[in-house]
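A.B. asks: Supplied in structure tokens, the structure appears directly below.
The values are calculated or read from the model by the stated rules, or taken from the named source; none is laboratory data. As the structure is a computational prediction, the values presented were derived from the model and not from experiment. Virtual Cβ from ideal backbone geometry, glycine too; neighbours counted across all protein chains shown. Protein only, heavy atoms only, side chains kept; ligands, DNA and RNA dropped before computing areas. Shrake-Rupley method; radii C 1.70, N 1.55, O 1.52, S 1.80 Å.
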Amino acid sequence: MASENAYQSDIDSFRFHLIDYLVFGSMLLFSTLVGVYFGYFSKSKKSQSKSSSSTRHSDNKYDEKLRGDFGSKSMLEYLLGSRKLKSFPVAMSLVASYISGVTVLGTPAEIYNYGTQYWLIVVAIFFMAFVVAYVYLPVFCSLKVGSSYEYLELRFNSHVRSIASIMFVIDELLFLPIIIYVPALAMNQVSGMDIHLIGAIVCIICVFYTLVGGIKAVVHTDAWQIIIMFISVVVVTIIGTVHLGGPSVVFDRAMQGGRIEFLNLNPSPYERQTFWAVLIGGFCYWTSFNSVNQTMVQRYMSLPNMKKARLAIAIFTVGIICFVSVCCYAGLLIYAKYWKCDPLTSDMVKRDDQLFAIYVMETVGEWKGVAGLFIAGVFGAALSSLSVVLNSTAAVLLEDILKGCFKMRPSEKAAAIFVKVSILVLGAITMGFLFIVEKLGGILGVATSLTAIAAGTTFGIFTLGMLNPYSTSIGAIFGAISGAALSGWVSLGSQIATASGKVVAPKLPVSVEECPVGNLTGIIFPDIPEQSTVFPLYRLSYHWINPIGIITVVTVGSLVSYFTGPQRLDKVDPELISPVIHRFLPDECFPNYGISSKNMRSKENIQLNNSTSFEDDENVIQR
């Protein structure tokens with residue numbers, strides 16, 4: 001009881017000041033204004049400037065359809081920014097696609113509990129950038145796809161495309177509530193506001209500016225939100241470092257506490273963080289997410305050419321390495337602050353992801369506005385991730401589900417209505433799932449593991465298609481089913497084993513020397529249950545779930561393709577194969593270059609002509 005009272009007293013002592021609320025509210029207001037600007041004023045200016053030349057481009061509707069640009073100029077503008085965006089804001093939006101409140105609050109907790117081995121993820125990110133830019137990106141840029149999953153229909157068939165796109169939608173539906181819930185916990189801790197109210201306010205604002213502003217509002221809002229988030233974390237770490245006496249004190253305490261470790265060469269796949277797990281598993285996960293996921297590819301395709309896209313990837317890589325490094329250092333900073341009084345053991349916080357928030361309030365809480373800036377940064381990450389997911393998922397629902405699965409060809413007006421209704425529905429689902437996440441806390445871990453399943457499986461399908469010219473649609477389908485089944489089995493099995501307490505990732509020891517808890521004092525070593533009786537696959541580090549899915553898809557897909565009749569190389573379209581494989585293709589392939597996309601566009605154009613009346617054509621010309 002005494003510890004609970006002390007905990008409540010500490011929390012009450014570090015609440016938001018009025019200035020903190022003003023800083024936080026300003027961030028939400030500015031996000032809304034950006035959406036309004038790109039939704040109304042920016043569009044109206046461009047429409048006026050282009051009205052005089054509209055009659056000279058009466059066939060734009062058909063030309064854009066032939067290029068796969070969602071079937072209309074308005075959808076091209078709304079979902080891809082007419083492919084005229086700039087590299088820097090797109091790069092910042094790419095950062096936003098991955099960074100969320102989960103990353104801001106979760107990465108420091110990972111370092112605090114398990115040490116700096118995870119910090120080597122920056123090496124994996126560095127190599128990921130080259131693979132994405134030179135292996136996968138050239139294929140998408142050549143095809144000018146609107147949805148990354150459109151490639152799968154060109155390379156295999158519509159069934160493979162449907163499998164991947166449906167997995168993507170389910171994946172994002174599971175991820176949406178996590179984006180809002182974790183930062184809402186932080187806001188609840190520093191303000192006392194109801195979690196559902198916080199989530200509803202932020203979700204409504206994000207849906208609004210995504211709805212009215214499209215990809216331009218998303219990209220430009222993401223850019224400044226990511227900058228605010230980075231500044232807020234840097235400011236907190238600088239102030240915290242100064243308070244402790246400098247970086248030397250931070251690293252000295254971390255060294256004494258056993259937190260500094262970069263070369264854990266233990267080959268065991270059961271240990272949570274090892275040199276091999278972080279580099280191999282981290283590389284696979286980051287590459288699978290950044291190379292073929294629609295949330296990323298849609299931003300690559302919003303740029304005018306491959307050179308700009310590669311520049312955006314380079315800026316994104318530098319930015320993400322810097323940000324992840326700052327978050328990792330923040331984990332050491334938190335440990336140095338609480339190295340003699342663990343907040344979890346002393347009940348100052350109840351969850352790992354509250355460590356950074358309580359640290360901020362205790363360290364800079366008396367600096368009015370700084371805590372507000374930090375929480376604004378955390379929510380900026382949530383807003384940016386949410387807007388990216390909403391926009392990309394709406395694009396997949398239109399291009400891959402409505403058009404790909406159901407073979408529907410909506411008019412320009414119907415497509416616009418469908419996309420915007422999809423965004424509204426996704427926003428409503430996000431708010432509804434907040435109640436489920438709160439009541440079923442284990443769903444956070446389950447949903448996070450499921451995202452690894454989807455990422456590994458879909459990346460495996462794309463890799464099979466782009467790097468194995470012999471692969472067939474039958475092989476891709478069997479590979480996808482096998483990869484999803486195996487990685488899903490491992491992931492869900494490990495989640496169940498963890499929830500039941502049979503599998504526990506051993507945390508590093510902590511101290512309560514300066515805040516004795518009951519009969520506990522000094523160094524606290526975690527209790528580790530006997531795990532040898534647990535099925536081996538359930539004990540694997542989470543880093544290996546993604547590689548398992550990728551390897552299974554590629555291996556099974558290649559074998560099934562071989563035994564059921566491999567693809568004839570003289571029938572392969574080299575445009576659908578990564579340029580790094582072109583040197584191994586026979587010369588008779590290259591006369592087929594581009595034939596797949598041309599045939600598909602021709603079919604879509606015929607369908608569009610059959611569904612468009614002469615009066616519609618006249619209206620297009622007049623407009």
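A.B. asks: Within 18 Å of Pro108 (Cα to Cα) and either open to solvent by less than 10 Å² (accessible area, probe 1.4 Å) or at pLDDT 90 or above (or both), is that true of Met301?
C.D. replies: When the stated conditions are applied, Met301 does not pass them.
A.B. asks: Please pick out the residue among Ser268, Ser291 that is of a type in the set (Gly, Ala, Ser), buried (at least 23 other Cβ atoms within 10 Å of the Cβ) and either at pLDDT 90 or above or over 19 Å from the mean Cα position of the chain (by Cα) (or both).
C.D. replies: Ser291
Conditions tested, residue by residue: (1) under 14 Å from Cys206 (Cα atoms); (2) assigned to a helix (DSSP H, G or I).
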{"residue": "Ser384", "(1), (2)": "yes, yes"}
{"residue": "Leu390", "(1), (2)": "yes, yes"}
{"residue": "Glu399", "(1), (2)": "no, yes"}
{"residue": "Leu402", "(1), (2)": "no, yes"}
{"residue": "Arg409", "(1), (2)": "no, no"}
{"residue": "Val421", "(1), (2)": "no, yes"}
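A.B. asks: If I filter the range 579-612 down to residues being under 15 Å from Ser142 (Cβ atoms) and of a type in the set (Ser, Thr, Tyr), which single residue comes out as modelled with the lowest pLDDT?
C.D. replies: Ser597
A.B. asks: Could you tell me how many of the residues in the range 146-174 are surrounded by fewer than 24 Cβ atoms within 10 Å (Cβ to Cβ), hydrophobic (A, V, I, L, M, F, W, C) and either more than 21 Å from the chain's Cα centre (by Cα) or modelled with pLDDT of 80 or more (or both)?
C.D. replies: The number of residues fulfilling the criteria is 7.
A.B. asks: Which of the residues spanning the range 346-364 are surrounded by fewer than 20 Cβ atoms within 10 Å (Cβ to Cβ) and outside any helix (DSSP H, G or I)?
C.D. replies: Within the range 346-364, Asp347, Lys350, Arg351 meet the criteria.
A.B. asks: For the range 521-545, which positions are in contact with a Ser or Thr (Cβ under 9 Å, 6 or more places away or on another chain), modelled with pLDDT under 75 and open to solvent by less than 60 Å² (accessible area, probe 1.4 Å)?
C.D. replies: Gly522, Ile524
A.B. asks: Among residues belonging to the range 546-578 that are over 25 Å from Thr451 (Cα atoms) and among the hydroxyl-bearing types (Ser, Thr, Tyr), point out the one that is most open to solvent (accessible area, probe 1.4 Å).
C.D. replies: Taking the candidates together, the pick is Tyr562.
A.B. asks: When you go through Ile280, Ile315 one by one, which is the residue that is over 24 Å from Ser31 (Cα atoms), out of contact with any strand residue (DSSP E or B) (no Cβ under 8 Å at 6 or more places or on another chain), β-branched (Val, Ile, Thr) and open to solvent by 30 Å² or more (accessible area, probe 1.4 Å)?
C.D. replies: Just a single option satisfies the conditions, and that option is Ile280.
A.B. asks: Hey, among Phe323, Phe374, which residue is in contact with a Phe, Trp or Tyr (Cβ under 8 Å, 6 or more places away or on another chain) and crowded, with 19+ Cβ neighbours inside 10 Å?
C.D. replies: Phe323
A.B. asks: To continue, here is another question. Checking the condition within 24 Å of Val349 (Cα to Cα), buried (at least 21 other Cβ atoms within 10 Å of the Cβ) and modelled with pLDDT of 85 or more, which residue from Val236, Val190 passes?
C.D. replies: Among Val236, Val190, only Val236 is within 24 Å of Val349 (Cα to Cα), buried (at least 21 other Cβ atoms within 10 Å of the Cβ) and modelled with pLDDT of 85 or more.
A.B. asks: Given (1) within 28 Å of Phe462 (Cβ to Cβ); (2) touching a residue at least 60 places away in the same chain (Cβ under 8 Å), identify the lone condition not met by Trp276.
C.D. replies: Going through the list (1) within 28 Å of Phe462 (Cβ to Cβ); (2) touching a residue at least 60 places away in the same chain (Cβ under 8 Å), Trp276 breaks only (2).
A.B. asks: Specify which of the listed residues (Ile125, Ile111, Ile195) is modelled with pLDDT under 90 and β-branched (Val, Ile, Thr).
C.D. replies: That would be Ile195, the only listed residue that is modelled with pLDDT under 90 and β-branched (Val, Ile, Thr).
A.B. asks: Still on this structure, I have one more. Got a sec? Which of Ala381, Ala394 is over 29 Å from Met361 (Cβ atoms) and touching a residue at least 24 places away in the same chain (Cβ under 8 Å)?
C.D. replies: Ala394
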